[in-house]
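Contents: one structure, followed by commentary.
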Amino acid sequence: MLSPTTLRLDSDVKKSASEVAAEMGLSLSSVMNVLLRQFANDKGFAVPPRVASSERSKEGPKTFFDMTPAEIEAACKKAVAERDGNPTMDYVTRLDKDTGRIIKKYKDGRVEYVLT
């Protein structure tokens with residue numbers, strides 16, 4: 001059963017949210033129902049609310065969400081430069097030339113056929 005409810009929203013938030021909802025073929029009311037249902041199921045926010053990054057202390061490591069695109073790119077380049085130069089797996093995945101099936105070939109010689 002639907003229950004009429006009044007919400008106070010910033011006009012620019014309502015406008016942009018309505019436009020996105022319309023692009024998805026949804027009404028703003030449908031979007032609010034989904035969000036509130038998720039909030040009720042999760043017993044809170046799906047993503048923890050946080051203080052805006054400009055208001056947060058400059059102490060401690062930045063998270064992905066605090067970084068600029070240039071900082072993200074630099075962090076990715078640093079991670080690539082510092083990673084193990086030759087990462088290894090316990091097995092390789094191949095196509096068996098005789099059966100045409102996908103196999104996992106382990107370092108110790110075992111072969112496992114992957115169900116398809």
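Details
- The slack between R110 and S3, meaning 0.36 nm per residue of separation minus the straight C-alpha distance, is 32.3 nm.
- If R0 is taken as 41 Å, the Cβ-Cβ distance between M32 and A79 corresponds to a FRET efficiency of 0.55.
- Using the Cβ-Cβ distance between M89 and F64 with R0 set to 22 Å, the FRET efficiency works out to roughly 0.25.
No lab work stands behind these numbers, since they all come straight from the coordinates. The shown structure was predicted, so the numbers you read here are calculated from the model rather than taken from an experiment. When we count neighbours, we look across all protein chains shown, and the Cβ atoms used for this are built from the backbone with ideal geometry, even at glycine.
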